[in-house]
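Undergrad: Here's a structure for you.
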Amino acid sequence: MSAVVTTIHAACRRFGPGRLPGADKPSLGGGYAAASAAVVAASLYAAAASSTGVGLLGANEAAVEFAAFALPFVVPAAFLVGVAGWRLTSPTSPAAGLLAGLVGTVATYIVAAAIFGAVAVALWARSWDGLLEGATFASLLAYVGFLETWWATLPVGGLSGVVYASVVRRGR
(Lines give C-alpha, C1' and ligand atoms only; values in the text may rest on other atoms or scores of the structure.)
Protein backbone atom coordinates (compact mmCIF):
# COMPACT_ATOMS: atom_id res chain seq x y z
CA MET A 1 0.00 0.00 0.00
CA SER A 2 1.33 3.42 -0.85
CA ALA A 3 2.43 5.96 1.71
CA VAL A 4 -0.52 8.24 0.85
CA VAL A 5 -3.09 5.48 1.45
CA THR A 6 -1.35 4.46 4.67
CA THR A 7 -1.38 8.07 5.91
CA ILE A 8 -5.07 8.57 5.04
CA HIS A 9 -5.95 5.24 6.67
CA ALA A 10 -4.09 6.16 9.87
CA ALA A 11 -5.80 9.57 10.02
CA CYS A 12 -9.25 8.06 9.48
CA ARG A 13 -8.65 5.45 12.16
CA ARG A 14 -7.34 7.97 14.67
CA PHE A 15 -9.48 11.06 14.02
CA GLY A 16 -12.22 10.18 11.57
CA PRO A 17 -14.76 7.57 10.58
CA GLY A 18 -12.54 4.66 11.66
CA ARG A 19 -13.62 5.37 15.25
CA LEU A 20 -17.37 5.15 14.52
CA PRO A 21 -19.46 2.16 15.63
CA GLY A 22 -19.24 -0.75 13.21
CA ALA A 23 -16.42 0.78 11.15
CA ASP A 24 -14.61 -2.54 11.35
CA LYS A 25 -17.39 -4.16 9.27
CA PRO A 26 -16.57 -3.62 5.59
CA SER A 27 -20.05 -2.52 4.48
CA LEU A 28 -20.52 0.00 7.31
CA GLY A 29 -16.97 1.18 6.82
CA GLY A 30 -17.80 1.67 3.14
CA GLY A 31 -20.77 3.81 4.17
CA TYR A 32 -18.61 5.87 6.50
CA ALA A 33 -15.97 6.27 3.78
CA ALA A 34 -18.59 7.44 1.29
CA ALA A 35 -20.20 9.85 3.77
CA SER A 36 -16.77 11.24 4.66
CA ALA A 37 -15.99 11.69 0.97
CA ALA A 38 -19.27 13.63 0.59
CA VAL A 39 -18.26 16.01 3.39
CA VAL A 40 -14.77 16.46 1.91
CA ALA A 41 -16.17 17.05 -1.60
CA ALA A 42 -18.73 19.58 -0.34
CA SER A 43 -15.99 21.40 1.59
CA LEU A 44 -13.67 21.38 -1.41
CA TYR A 45 -16.45 22.69 -3.63
CA ALA A 46 -17.41 25.44 -1.16
CA ALA A 47 -13.81 26.56 -0.66
CA ALA A 48 -12.88 26.56 -4.35
CA ALA A 49 -16.14 27.99 -5.69
CA SER A 50 -16.42 30.75 -3.12
CA SER A 51 -12.82 31.89 -3.54
CA THR A 52 -12.19 31.44 -7.27
CA GLY A 53 -15.63 31.65 -8.86
CA VAL A 54 -15.49 28.12 -10.29
CA GLY A 55 -18.97 26.94 -11.20
CA LEU A 56 -22.30 28.50 -11.99
CA LEU A 57 -22.80 30.37 -8.73
CA GLY A 58 -19.66 32.46 -8.91
CA ALA A 59 -17.28 33.64 -6.22
CA ASN A 60 -19.61 34.51 -3.39
CA GLU A 61 -21.29 33.08 -0.35
CA ALA A 62 -23.90 31.34 -2.53
CA ALA A 63 -21.45 28.49 -3.13
CA VAL A 64 -20.97 27.95 0.60
CA GLU A 65 -24.72 28.14 1.20
CA PHE A 66 -25.34 25.65 -1.62
CA ALA A 67 -22.87 23.18 -0.11
CA ALA A 68 -24.28 23.64 3.39
CA PHE A 69 -27.84 23.16 2.12
CA ALA A 70 -26.82 19.95 0.33
CA LEU A 71 -25.03 18.28 3.26
CA PRO A 72 -28.15 17.02 5.13
CA PHE A 73 -29.27 15.26 1.95
CA VAL A 74 -25.95 14.21 0.44
CA VAL A 75 -24.21 12.75 3.50
CA PRO A 76 -27.00 10.26 4.41
CA ALA A 77 -27.40 9.41 0.70
CA ALA A 78 -23.66 8.74 0.39
CA PHE A 79 -23.73 6.55 3.51
CA LEU A 80 -26.63 4.48 2.15
CA VAL A 81 -25.00 4.16 -1.27
CA GLY A 82 -21.66 3.23 0.33
CA VAL A 83 -23.19 0.48 2.46
CA ALA A 84 -25.27 -0.90 -0.41
CA GLY A 85 -22.42 -0.58 -2.90
CA TRP A 86 -20.00 -2.43 -0.66
CA ARG A 87 -22.50 -5.22 -0.02
CA LEU A 88 -23.13 -5.60 -3.75
CA THR A 89 -19.59 -5.30 -5.10
CA SER A 90 -16.95 -5.64 -2.34
CA PRO A 91 -14.11 -4.21 -4.46
CA THR A 92 -10.83 -5.99 -3.76
CA SER A 93 -8.38 -3.92 -5.76
CA PRO A 94 -7.66 -0.21 -6.01
CA ALA A 95 -8.94 -0.20 -9.62
CA ALA A 96 -12.22 -1.79 -8.56
CA GLY A 97 -12.37 0.67 -5.66
CA LEU A 98 -11.94 3.56 -8.10
CA LEU A 99 -14.80 2.29 -10.24
CA ALA A 100 -16.98 1.66 -7.18
CA GLY A 101 -16.20 5.16 -5.87
CA LEU A 102 -17.11 6.81 -9.16
CA VAL A 103 -20.32 4.80 -9.62
CA GLY A 104 -21.18 5.41 -5.97
CA THR A 105 -20.70 9.15 -6.42
CA VAL A 106 -23.16 9.25 -9.32
CA ALA A 107 -25.59 7.03 -7.38
CA THR A 108 -25.31 9.45 -4.45
CA TYR A 109 -26.60 12.27 -6.66
CA ILE A 110 -29.62 10.14 -7.53
CA VAL A 111 -30.36 9.04 -3.96
CA ALA A 112 -29.85 12.56 -2.57
CA ALA A 113 -32.22 13.91 -5.24
CA ALA A 114 -34.79 11.30 -4.23
CA ILE A 115 -34.48 12.24 -0.55
CA PHE A 116 -34.73 15.94 -1.33
CA GLY A 117 -37.55 15.22 -3.77
CA ALA A 118 -39.53 13.45 -1.05
CA VAL A 119 -39.12 16.46 1.22
CA ALA A 120 -39.98 18.94 -1.55
CA VAL A 121 -43.05 16.99 -2.63
CA ALA A 122 -44.21 16.74 0.98
CA LEU A 123 -43.86 20.50 1.39
CA TRP A 124 -45.65 21.29 -1.87
CA ALA A 125 -48.24 18.49 -1.75
CA ARG A 126 -51.34 20.62 -1.37
CA SER A 127 -52.53 19.68 -4.84
CA TRP A 128 -51.50 17.76 -7.96
CA ASP A 129 -49.87 20.93 -9.23
CA GLY A 130 -47.95 21.17 -5.97
CA LEU A 131 -46.69 17.60 -6.35
CA LEU A 132 -45.50 18.39 -9.85
CA GLU A 133 -43.84 21.62 -8.71
CA GLY A 134 -42.03 19.84 -5.87
CA ALA A 135 -40.80 17.05 -8.12
CA THR A 136 -39.72 19.51 -10.81
CA PHE A 137 -37.86 21.70 -8.33
CA ALA A 138 -36.05 18.67 -6.85
CA SER A 139 -35.07 17.43 -10.32
CA LEU A 140 -33.76 20.82 -11.40
CA LEU A 141 -31.83 21.27 -8.17
CA ALA A 142 -30.22 17.85 -8.60
CA TYR A 143 -29.28 18.70 -12.19
CA VAL A 144 -27.76 22.04 -11.21
CA GLY A 145 -26.04 20.35 -8.27
CA PHE A 146 -24.34 17.90 -10.59
CA LEU A 147 -23.30 20.61 -13.04
CA GLU A 148 -22.00 22.73 -10.19
CA THR A 149 -20.06 20.08 -8.24
CA TRP A 150 -19.00 17.16 -10.47
CA TRP A 151 -15.41 18.43 -10.67
CA ALA A 152 -15.07 18.06 -6.89
CA THR A 153 -17.25 15.01 -6.20
CA LEU A 154 -16.01 12.60 -8.86
CA PRO A 155 -12.28 12.81 -7.99
CA VAL A 156 -12.95 12.71 -4.23
CA GLY A 157 -15.39 9.81 -4.61
CA GLY A 158 -12.96 7.87 -6.79
CA LEU A 159 -10.07 8.48 -4.40
CA SER A 160 -12.24 7.42 -1.47
CA GLY A 161 -13.04 4.15 -3.24
CA VAL A 162 -9.36 3.50 -3.94
CA VAL A 163 -8.33 4.21 -0.36
CA TYR A 164 -11.12 2.18 1.23
CA ALA A 165 -10.62 -0.83 -1.07
CA SER A 166 -6.89 -0.71 -0.31
CA VAL A 167 -7.52 -0.52 3.43
CA VAL A 168 -9.95 -3.44 3.41
CA ARG A 169 -7.67 -5.49 1.16
CA ARG A 170 -4.82 -4.87 3.59
CA GLY A 171 -6.94 -6.25 6.39
CA ARG A 172 -7.58 -3.04 8.32
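The values are calculated or read from the model by the stated rules, or taken from the named source; none is laboratory data. As the structure is a prediction and not an experimental result, all values here were calculated from the model. Here Cβ is always computed from backbone atoms with ideal geometry, including for glycine, and neighbour counts include all displayed protein chains. Heads up: the accessible areas ignore ligands, DNA and RNA and are worked out on the full protein's heavy atoms, side chains in. Shrake-Rupley method; radii C 1.70, N 1.55, O 1.52, S 1.80 Å.
Undergrad: What list of ³J(HN,Hα) couplings, whole Hz, do you get for segment 61-75 from phi and the Karplus terms 6.51, -1.76, 1.60, once you set θ to phi - 60° and write x for glycine and proline?
TA: Per-residue couplings from phi come out as 5, 4, 5, 5, 5, 4, 5, 5, 5, 6, 3, x, 9, 6, 5 Hz.
Undergrad: For a paramagnetic label modelled at 7 Å from the Cα of A114 toward its Cβ, which residues of segment 80-95 fall within the zone defined by backbone nitrogen distances under 14 Å?
TA: Taking a point 7 Å out along Cα→Cβ of A114, the residues of segment 80-95 whose backbone N falls under 14 Å are 80-85.
Undergrad: I need the per residue convex hull volume for segment 106-172, using only the alpha carbons, in cubic angstrom as a whole number.
TA: 81 Å³
Undergrad: So how far apart, in nm, are the two label points at W151 and V40 if each is 7 Å from Cα heading toward Cβ?
TA: With each label point 7 Å from Cα toward Cβ, the separation is 2.0 nm.
Undergrad: Karplus couplings for segment 92-106 from phi (6.51 cos²θ - 1.76 cosθ + 1.60, θ = phi - 60°), rounded to Hz, Gly and Pro as x?
TA: Calculated HN-Hα couplings, in order: 10, 9, x, 5, 5, x, 4, 4, 4, x, 5, 5, x, 5, 5 Hz.
Undergrad: Something else: Considering only protein heavy atoms and a probe of 1.4 Å, how much of the accessible area of segment 35-172 is carbon and sulfur, as a whole percent?
TA: Carbon-and-sulfur percentage of accessible area, whole number: 74.
Undergrad: Each residue of segment 156-168 in order: what ³J(HN,Hα) in whole Hz does its phi give by Karplus 6.51 cos²θ - 1.76 cosθ + 1.60, θ = phi - 60°, with x for Gly and Pro?
TA: Per-residue couplings from phi come out as 5, x, x, 4, 4, x, 4, 5, 5, 4, 5, 5, 5 Hz.
Undergrad: I've got another one for you. Spin-label point model (7 Å from Cα, Cβ direction): what's the V144 to S51 distance in nm?
TA: 2.5 nm
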